[in-house]
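Working notes, beginning with the structure itself.
Bear in mind that the values in this text are calculations on the coordinates, not laboratory data. Because the structure is predicted, anything quoted here is derived from the model rather than measured. As a convention, Cβ positions derive from the backbone with ideal geometry for all residues, glycine included, and neighbour counts pool all protein chains shown.
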Amino acid sequence: MKPELQLDERVPACAVVHLHGHMVAGSVDNLAERIEARRTPEWRSLVVDLAGVDALSSSGIRVLLKLEQWTRRCGLWFEVRNPSPEAARICKLTGLTSLLEEVSREVGRPFELTFPAERDVVVAQLDELEAELQQRHCADDVVLRVRLVLEELLLNVATHARPPSGRVEVRLAEMGPLTVVRIVDDGPAFDPFSAELEVHSDDLALRRIGGLGLPLVRQSIDWARYQRSQNRNIVEAGFRSAP
């Protein structure tokens, strides 16, 4: 039986493929080609989620390697995410743990800030974060998009922070070709990359003011990851300069 394939494109540039079932001989024929055929011009990253894979053989490993080589040729960022215990075990046995670790390898010196999750403080810190990006000689389009995404996400954190101890941590780093922003806060659980978006009226007279931030965030990033750990939100967004 072929593994079930679900494609999540809620972040248009970051396609997430969720695989479920057996990735073994006879079931993965043309799986890489099926994924490649779903590509749209918006893709800049491909994430393969293995949380639902309960069996993985060398045939399944070859699919992952084929996708990694294809994304490299296409100039896409590639990540294997959330391997099931069995998938992680097979990757380790075959010496391919680098497939699972690549996205965590930072290059150079990270930049970190911790500050109260308060609106006025957030606005002031945005200038410092933008200055750091410019010092790193990030491309202009990356600086603009990072600033926009940080503004939307950090102001959202400030709005929903848990007073009086709400704090937020921001980390900037390079991971391969990506400039990655990591935001950690102790507010209520919230995944900005999967939350349902509001449907807005085309009639400006009827349109509610607000609810525009998440669509802007999703359209501005090239790679995304969210985790909830120890009652904290961990939001990561990656950016690549325009080709």
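Structure summary
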| read-out | value |
| --- | --- |
| For the range 4-104: rounded, prolate or oblate by the Cα gyration tensor [a/c cutoff 1.5] | prolate |
| Given 11 as the ceiling on other Cβ atoms within 10 Å, longest exposed-site-free region of the chain for trypsin sites (Lys or Arg not before Pro) in DSSP loops | 1-104 |
| Kyte-Doolittle at least 1.6, axis length at least 18 Å by Cα - qualifying DSSP helices, the chain | none |
| Hull shadow area, averaged, the range 109-184 [alpha-carbon convex hull, nm²] | 4.7 |
| Test item: Cα-centred dipole of the range 54-97, Lys/Arg +1 and Asp/Glu -1 on Cβ, debye | 180 |
| Gain upon complete extension [D141, R119; 0.36 nm per residue less C-alpha separation] | 5.4 nm |
| Correct choice for mean projected area of the Cα convex hull in nm² that was computed from the model, options (i) 15.0; (ii) 13.1; (iii) 11.6 | (i) |
| Net lengthening on full extension, E132/E9 (0.36 nm per residue, minus Cα-Cα) | 41.2 nm |
| Charge dipole (the chain, unit charges on Cβ, about Cα centre) - positive-most of Q219, L5, V146 | L5 |
| Normalised contact order of the range 4-104, rounded percent, pairs of Cα under 8 Å and 6 or more residues apart | 27 |
| Beta bridges by DSSP in the chain, antiparallel share as percent, to the nearest 5 | 70 |
| Taking the chain and dividing mean pair separation by its residue count, relative contact order in percent (alpha carbons under 8 Å, at least six apart) | 18 |
| Pairwise label distance in nanometres, S194 with R232, each label 7 Å out on the Cα-Cβ vector | 2.1 |
| Dipole magnitude of the chain, debye to nearest 20 (Cβ charges: Lys/Arg +1, Asp/Glu -1, about Cα centre) | 640 |
| Two-decimal Rg/Rh across the range 11-56, once Rg and the Kirkwood Rh are taken from alpha-carbon atoms | 1.01 |
